[in-house]
Each structure stands twice: as C-alpha cells, then as structure tokens.
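Just below is one structure, and these are the notes that go with it.
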Amino acid sequence: MIRSLTITAIILIVAAFLGLREKQLLSFEKEANKKIAIRIANGPSMESPPSIRISPAKSKSEQIENVKTVARDLLSYYDKRWQLLYVDYDYSQNNNLDNIEEELKSRLGELGLDEIKILMDEFKDKPDLSLQARNYLVLLAAEVFYLKYPIEMARMMSQSPELFSINVPGVYTDGFSDLVYCYSIKKSDLRTVFQCLSEATPEIQAQYMGKTIQFVTDSNEKRRAELLVEMRNFATTPEQKDVVYSKLNALVFGRISGIGSFTEMTKWISSASLSNEELVAATNGMQDKVRVGETGQWLDWLEKNDMPDDVSKLRAFDLATKWAEKDYKAVGEWLNSKPDSPEKAAVVSAYAAVAYPYDPETATLWLQTLPQGPDRAKALETIYQSMPVNSVEAEAFASEFSLGR
C-alpha cells in the first residue's frame, strides 16, 4: 500500500515537472518568436542587404544641386586634362589625372536615374561646350551608367542620339556602341543587348544590330548560334523582322578577319536550320561575301537548297557575274561539266553577258543554248545596254536578236 502511494506520488511529481518544463519552453518559444517578428519588422527588407546603407531620398532641389556640382567638376577635370595633355604636353601628370577620373566615376556611380537625366540635360544645355568635350564627358558618364542602367540608358540614347555622339560627323565613338560592346563581348550577355535595342528607333536598331554582329561573327559557332537565337526572339513586329532579315547576310557571311571558307559557312548554315525565308534573306548579296575560287561550289550548293527557283536563279546569276568578271574561262569550264538546271541557265546568262566583249563567238554559242525566256532576254539586254549608243555594233546586235533600246 505504502509502496503504491509512493509510486503514484513520484509519477505526479514528474508530470508536474514536465508540465512546468513544457510551459517554460512554450513561453521561451513565444518570446523568441516575438523578438524575431520585431527584428523583421524593424530590420532591412530582402531587397536591401544588411551591408548596404540606404541614404535618405534627396529632394528635387538637392538632386539638381548635387548634379550641378558633379557636372562642374567634370568640366573642370576635362579642361585640366586637355591643358596638360594637349597644350602643355605634360604626361607626367597622367597618374594624377587617372586618379581624379576614377574618383569622378565613383561619384557618377552614386547618381540615381533621375539625377543621370538631369546631368545629361546639363551637358545638353551648354551650347558653348566643344564637340570633343561633350563627346568625352558623355562617354565617361555613359561608361558608368550603362553598367548600372543599360536598358534605361539605351532608351535615353535613342531619344537624344546627338547628345551621345550617335551619328555625329567627325566623331567615331558613341555611347550606344560602347554599351553594345560591353554587353556582347565583355559580359557575353546578348540578351541585354537586344533588350537595349528594343528600346531604340528602327534606324538605331539596324545600325547597332550590325555592330553586335561585327563584334560576334569572328567568335566560335556557338556564339553565332546564340546571336541568331536572340535575333529571332527580337523579331516580334514586322519592322523588327525587317531589321533582323536585313542583317542575316552579315551574320552568315560576314567576318572581320576575312572571307570565310565554303566548308565553314555551309556547315554553320546547316547547323543553324535557317528557314527558307531566312535563307533567302541571308543569301542576298552573297556574291560579295564568298571566295571567288569557291564560286563553283556555291553554285552546286544553290542547286541543292530549298529556296524558290526564282531566288536561287537570281543568286546564281549574281555569283556567276562576279566570277566571270574575275575568270570567265573558269565559269565556262564549270558550265561544260554541269547538266542542265535552272541555276545553270542563270549562269549561262551571266557568263554570256560578261564574256561577250572578250569572246563574242563563245558567248553567242552559249546564248543559243538558252530557250526563249527571261534568262536569254536578260543576257541579251545586258550585252546590248553595254554597247555604245547608236554604234554600228549595237545596231547589228539589235538587228540579229530583235532588240531595241
């Protein structure tokens, strides 16, 4: 009996202790949660890392005064730099000038977007500012700003192109070109480049898409493929599609380092899976972008592609014309080795037109292989128009082939 009561008492004591312990833990947890809630409410948001100290917002008048000070210091720095380097020729001050420039860049980097607009207006409203000074200062500012606000800066440049030295006579660098170079080459961020282009006018889009292609076309095949993807994604309106299609030839055939080989280019065209429409656009003007000695291979390639016959024949005519102007005998050898095809008829037409002044007999023989139709008419008209007006030769040719001017 006593033993039973003792066990019961122990159980009650343990239960009371556990209950008290649980109550203490719950109280502690509630207090901890309360402190966390207070810290979250009073602490920095997720958008503002604890390590960043946010300055209080400036009033409009404070922004203007701050910008005017920065602009004044920039102009003073430019004058000093110009005096030392181009008047006094004192290059010993280079390090000091570079330090001042870095300090100014740091101050520029602290400006918000509204202050940037005010700064650009400051430069814009100084008609006495020389072209060289404006160009230097704007590019210095843009170098800082487009790293921070690329899309907004693209929009600003598009709205005030002359302020950023875009297409200004006598100026060979501009803010948009620097922006495109930075994001296409230094950062390898083509998506940002095309986001910036989407903010620009069609003229600027065409110009700087071309610049982007120049920067990338000498890169590896993968980079060119990435560029093609971004160009396709960019073409969301008929106007943008026109811009993209006008640049496909430069993407496929353009190389800063020189004309690419037939093998290299056709391999990339195949891997890019160009649509018929894209292929038509890309091959426009191709006669100026291929190696003359490989023209025969390109003519063979044209016969195997899926472009419309009229387009393929036009490309063949342009290629053969360029080839015949360099080596019409080689074109004749190619013709002798090929079976009849629409492309061959176009090559005969081009060959006859170019070769006639040098070898009229052979050219006429090839002309006679063409049936009545556009290919024959095109060659005859080209030959006739190249002859002196009212000359005996022209009259005899017109009479023989029933032509008239």
Query raised in the report: Is it the case that segment 380-403 has a residue that's touching a Leu at 6+ places or on another chain (Cβ under 8 Å), small (Gly, Ala, Ser) and touching a residue at least 12 places away in the same chain (Cβ under 8 Å)?
Result: no
Query raised in the report: Can you pull out the residues in segment 213-238 that are assigned to a helix (DSSP H, G or I), β-branched (Val, Ile, Thr) and at pLDDT below 95?
Result: 213, 216
Query - Any chance residue 300 is closer than 18 Å to residue 351 by Cα, modelled with pLDDT of 90 or more and assigned to a helix (DSSP H, G or I) - result: yes
Query raised in the report: Within segment 390-403, can one find any residue that is more than 37 Å from the chain's Cα centre (by Cα), closer than 25 Å to residue 284 by Cβ and not β-branched (Val, Ile, Thr)?
Result: no
Report task. Considering (1) out of contact with any Ser or Thr (no Cβ under 7 Å at 6 or more places or on another chain); (2) more than 25 Å from residue 220 (Cβ to Cβ); (3) surrounded by fewer than 17 Cβ atoms within 10 Å (Cβ to Cβ), say which one residue 275 fails and leave the rest. Result -> (2)
Report summary line: Residue hits (segment 84-104; more than 19 Å from residue 144 (Cα to Cα), surrounded by fewer than 14 Cβ atoms within 10 Å (Cβ to Cβ) and not hydrophobic (A, V, I, L, M, F, W, C)) are 86, 88, 89, 90, 91, 92, 94, 95, 96
**Report entry** Odd one out for residue 306 among (1) under 44 Å from the mean Cα position of the chain (by Cα); (2) at pLDDT 90 or above
**Finding:** (2)
Report summary line: In segment 351-385, residues that are under 27 Å from residue 309 (Cβ atoms) and part of a loop (DSSP other than H, G, I, E, B) total 7
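Yes or no, residue by residue, for (1) surrounded by fewer than 14 Cβ atoms within 10 Å (Cβ to Cβ); (2) touching a Lys or Arg at 6+ places or on another chain (Cβ under 8 Å); (3) touching a residue at least 60 places away in the same chain (Cβ under 8 Å):
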site	(1), (2), (3)
60	yes, no, no
72	yes, no, no
79	yes, no, no
82	no, no, no
122	no, yes, no
125	yes, no, no
129	no, no, no
Report task. Could you please find all residues in segment 134-151 being touching a residue at least 40 places away in the same chain (Cβ under 8 Å) and surrounded by fewer than 19 Cβ atoms within 10 Å (Cβ to Cβ)? Result -> 136, 140, 151
Report task. Any residue in segment 239-265 that's outside any helix (DSSP H, G or I): show its pairings with residues that are surrounded by fewer than 15 Cβ atoms within 10 Å (Cβ to Cβ) and among the basic types (Lys, Arg) at Cβ separation under 9 Å, as long as the two are six or more apart or on different chains. Result -> 259/291; 260/291; 261/291
Query raised in the report: Would you say residue 205 is surrounded by 17 or more Cβ atoms within 10 Å (Cβ to Cβ), part of a helix (DSSP H, G or I), within 9 Å of the chain's Cα centre (by Cα) and of a type in the set (S, T, N, Q)?
Result: yes
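Considering only segment 177-195, I want to know if a residue exists there that is of a type in the set (Ser, Thr, Tyr), over 19 Å from residue 144 (Cα atoms) and not assigned by TED's automatic domain parsing to the domain that holds residue 131.
The answer is no, given that none of the residues of segment 177-195 is of a type in the set (Ser, Thr, Tyr), over 19 Å from residue 144 (Cα atoms) and not assigned by TED's automatic domain parsing to the domain that holds residue 131.
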Report summary line: For segment 160-178, pairs from a residue that is on the phi > 0 side of the Ramachandran plot and without any contact (Cβ under 8 Å) to a residue 24 or more places away in the chain to a residue that is buried (at least 20 other Cβ atoms within 10 Å of the Cβ) and part of a loop (DSSP other than H, G, I, E, B), with Cβ under 6 Å and 6 or more apart or across chains, are none
Query raised in the report: Take the residues of segment 246-265 that are surrounded by fewer than 18 Cβ atoms within 10 Å (Cβ to Cβ) and among the β-branched types (Val, Ile, Thr): which is nearest to residue 312 (Cα to Cα)?
Result: 263
Report task. Hey, can you tell me all the residues within segment 303-337 that are surrounded by 15 or more Cβ atoms within 10 Å (Cβ to Cβ) and either in contact with a strand residue (DSSP E or B) (Cβ under 9 Å, 6 or more places away or on another chain) or not in a helix (DSSP H, G or I) (or both)? Result -> 305, 307
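The values are calculated or read from the model by the stated rules, or taken from the named source; none is laboratory data. Bear in mind the structure is a predicted one, so any value in this text is a computation, not a measurement. Cβ coordinates were reconstructed from backbone atoms using ideal geometry, including for glycine residues, and neighbour counts include every protein chain displayed.
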